[in-house]
Amino acid sequence: MKIYVAGHRGMVGSAILRNLQARKEAGEALDLIVRTHSELDLANQQAVRDFMQTERPDVVILAAAKVGGIHANNTYPAEFIYENLMIECNVIHQAFAAGTKKLLLLGSSCIYPKEAPQPMREDALLTGTLEPTNEPYAVAKIAGIKLCESYNRQYGVDYRSVMPTNLYGPGDNFHPENSHVLPALIRRFHEAVQSGAQAVTIWGSGKPMREFLHVDDMAEASLFVLNLPKDIYQANSEAMLSHINVGSGIDISILELAEKIACITGFKGRIETDPTKPDGTMRKLMEVSRLANMGWRARINLEEGLTHTYCWFLEHEADFRT
């Protein structure tokens with residue numbers, strides 16, 4: 001089976017590739033195809049067409065995307081909507097034109113309305129206003145879902161979508177300004193231990209609740225959904241509501257998360273909150289019963305995942321200082 005993994009250098013794409021490589025080493029007949037951005041610009045329609053016509057993959061896993069935090073989304077909204085729309089349109093359409101029957105699109109929990117009831121169900125999609133700070137990115141991801149559903153309806157292909165919660169793990173972004181909350185806290189507490197700081201301050205009240213999923217769990221869930229028999233997948237979804245939430249189903253306050261990271265990094269000082277800084281949405285939790293009914297649940301608990309991620313950070317710390 002010829003499988004093209006788009007975005008294999010990103011945190012999720014690299015985890016999926018590791019999983020597939022392990023399966024190949026275990027004896028599965030897999031031909032894994034990857035291309036770097038310099039080798040293939042997914043926003044270039046002709047380049048993607050030529051690639052797909054030459055390779056003709058049996059399966060496409062679309063993990064490539066332009067991603068970033070609140071600051072990046074606010075600063076470069078045009079790039080976020082344009083590049084993500086182009087990547088999805090090019091890859092999905094040209095995969096279809098090359099005869100690809102199975103495709104998996106990786107999305108984001110930001111597709112759901114800002115005021116969606118918690119936990120967020122798949123049918124909350126398009127029921128309300130999106131979070132303004134990342135609306136262009138969210139609109140592009142929603143378009144990707146609808147592209148997959150539309151090609152399924154019109155052409156009878158099997159294109160599926162999974163929507164992950166907040167992901168973390170090896171390959172995460174630990175940049176001091178542009179990273180998400182979990183890797184940012186790991187770096188901050190680690191540096192506090194190194195410098196002998198007596199206190200670490202976290203933004204906001206520490207009360208907002210967030211859900212986290214280890215990227216290796218996300219890789220397993222993605223391949224689980226991809227490989228589900230079509231009748232089982234269709235029995236648990238609808239033609240125009242086919243995306244599947246992927247999460248742990250468990251959330252934790254930011255303050256509790258900070259306390260766990262302090263313990264793992266060996267920080268013994270005070271954890272202080274800064275209520276002058278914004279809290280953001282008070283709760284974001286995915287409703288994951290649809291995937292659980294299909295037979296998959298997260299297996300890596302937060303403590304295990306944090307320890308694993310911190311060990312990876314220590315092994316690659318020099319890379320983050322260059």
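The stretch between GLN198 and TYR155 holds 9.3 nm of extra length on full extension. This uses 0.36 nm per residue minus the Cα-Cα distance. Under the convention that each Lys and Arg Cβ holds +1 and each Asp and Glu Cβ holds -1, the size of the dipole of segment 113-165 around its Cα centre is about 120 debye. In terms of other Cβ atoms within 10 Å, VAL215, VAL67 run from fewest to most in the order VAL67, VAL215.
Toward the positive end of the charge dipole of the chain, with +1 on the Cβ of Lys and Arg and -1 on the Cβ of Asp and Glu, the farthest Cα among TRP203, ALA78, LEU223 is that of LEU223. Compared with the alpha-carbon gap, the fully stretched path from ALA97 to GLU28 is longer by 22.2 nm at 0.36 nm per residue. For LEU167, the amide hydrogen comes within under 5 Å of the amide hydrogens of LEU213, counting only partners 5 or more places away or on other chains and with H modelled in the peptide plane.
In the chain, the longest principal axis of the Cα atoms and the axis of helix 45-55 are about 70 degrees apart. Annotation: amide H of LEU103 within the under-5 Å range of VAL60, ASP158, TYR159, ARG160, sequence separation 5 or more or interchain, hydrogens built in the peptide plane. What you get for segment 188-299, charging only the Cβ of Lys and Arg (+1) and of Asp and Glu (-1), is a dipole of about 180 debye around the Cα centre. The trypsin sites (Lys or Arg not before Pro) of segment 1-87 that DSSP puts in a loop, and whose beta carbon has at most 15 other beta carbons within 10 Å, are ARG9.
Residues in segment 185-198 carry Karplus couplings, in order, of 5, 4, 5, 5, 5, 4, 5, 5, 5, 5, 8, x, 4, 8 Hz; the curve used is 6.51 cos²θ - 1.76 cosθ + 1.60 with θ = phi - 60°, and Gly or Pro positions show x.
Computed from Cα positions, the angle between helix 302-315 and the longest principal axis of the chain comes to roughly 90 degrees. Between 0 and 90 degrees, the angle of helix 135-155 with respect to the longest Cα principal axis of the chain falls at about 30 degrees.
Would you mind checking which residues have amide H under 5 Å from LYS2's amide H? H placed 1.01 Å from N; only 5 or more apart, or other chain. Excluding prolines and chain starts, which carry no amide H, the hits are ASP31, ASP58, VAL59. Distance from the alpha carbon centroid of segment 186-235 to that of segment 1-28 works out to 20 angstrom.
In this simple spin-label approximation, THR129 and CYS311 carry label points 7 Å from Cα along the Cα→Cβ vector, and these lie 4.7 nm apart.
A convex hull fitted to the Cα coordinates of segment 168-322 yields 127 cubic angstrom per residue. Ordered by the number of other Cβ atoms lying within 10 Å of each residue's own Cβ, fewest first, HIS71, HIS214, HIS308 fall into the sequence HIS71, HIS308, HIS214.
3J(HN,Hα) along segment 272-286, derived from phi through the Karplus expression 6.51 cos²θ - 1.76 cosθ + 1.60 where θ = phi - 60°, amounts to 10, 9, 10, x, 6, 8, x, 8, x, 4, 6, 8, 9, 10, 8 Hz, with x in place of Gly and Pro. In terms of other Cβ atoms within 10 Å, VAL157, VAL12 run from fewest to most in the order VAL157, VAL12.
Here the average projected area of the convex hull drawn through the C-alpha atoms of the chain stands at 16.5 nm².
Of the GluC sites (Glu not before Pro) found in segment 153-213, the ones in coil according to DSSP and having at most 13 other Cβ atoms within 10 Å of their Cβ are GLU177.
Please compute the contact order of segment 1-82 in relative form: average sequence separation of alpha-carbon pairs under 8 Å and at least six residues apart, divided by the residue count, as a percent. Answer for segment 1-82 is 42 percent. Since only ALA64, ALA47, ALA29 are under comparison, the one whose Cα sits farthest along the positive direction of the charge dipole of segment 11-68, derived from C-beta charges on Lys, Arg, Asp and Glu, is ALA64.
Given R₀ = 30 Å, FRET efficiency for TYR76-GLN118 by Cβ-Cβ distance, to 0.05? The computed FRET efficiency comes out at 0.55. Once C-alpha pairs closer than 8 Å and six or more residues apart are averaged by separation and normalised to the residue number of segment 181-269, the relative contact order reads 52 percent. If only the Cβ of Lys and Arg carry +1 and only the Cβ of Asp and Glu carry -1, the dipole of the chain around its Cα centre is close to 280 debye. For segment 5-10, putting each phi into the Karplus relation 6.51 cos²θ - 1.76 cosθ + 1.60 with θ = phi - 60° gives couplings of 9, 8, x, 6, 8, x Hz, in residue order, rounded to whole numbers and with x for Gly and Pro.
Bear in mind that the values in this text are calculations on the coordinates, not laboratory data. Computed from a prediction, not measured in an experiment: that's the story for all the values here. Please note: Cβ atoms are built from the backbone with ideal geometry, for glycine as well, and neighbour counts cover all protein chains shown.
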